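S.K.: Okay, handing you the structure first.
Each value in this text was obtained by applying a stated rule to the coordinates, not by laboratory testing. No experiment lies behind these values; they were computed from the predicted model shown. Here Cβ is always computed from backbone atoms with ideal geometry, including for glycine, and neighbour counts include all displayed protein chains.
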Amino acid sequence: MSPLQSAKLWLVDHVHLAKDALHIYVALILFLGSALLFKWPIRSWKPWAVVLAAALAGEAWDLRDSLTYATPIDLSANFKDIWNTLFWPTAMLILARTTRIFERGPAPEPGDER
């Protein structure tokens with residue numbers, strides 16, 4: 001078993017989340033983290049591309065491990081993982097580009113109840 005597979009199994013066992021849920025958490029951390037780190041707006045394609053690159057690299061590694069360790073290849077599962085990883089970053093990117101939900105508004109005045 002490769003170090004990546006061992007790390008994924010360790011995370012599943014210790015944080016008590018399914019692998020699918022881990023894809024979502026990692027995607028959001030990469031999406032929001034890269035936007036914060038590089039000061040990219042959420043509406044930019046760049047944070048989304050970071051998530052896409054990580055998802056494709058992770059699935060390529062999974063395929064390599066399947067070939068190396070002679071385990072069955074399930075391309076539909078690989079596609080599902082990429083879809084699952086990109087869903088919320090894609091939704092956030094679309095919302096940021098088509099609505100004002102992620103825009104900063106003026107700071108509320110003292111005593112202003114909103």
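S.K.: Condition first: among the charged types (D, E, K, R) and within 18 Å of the chain's Cα centre (by Cα). Now tell me which residues in the stretch 1-25 satisfy that.
M.R.: Of everything in the stretch 1-25, those that are among the charged types (D, E, K, R) and within 18 Å of the chain's Cα centre (by Cα) turn out to be Lys8, Lys19, Asp20.
S.K.: How many of the residues in the stretch 44-68 are hydroxyl-bearing (Ser, Thr, Tyr) and under 17 Å from Leu9 (Cβ atoms)?
M.R.: Total meeting the criteria: 2.
S.K.: Having 3 or more residues that are of a type in the set (D, E, K, R) and surrounded by 13 or more Cβ atoms within 10 Å (Cβ to Cβ) is the bar; report the helices (runs of 4 or more DSSP H) wholly within the stretch 14-105 that clear it.
M.R.: Those helices (runs of 4 or more DSSP H) span 45-68, 75-98.
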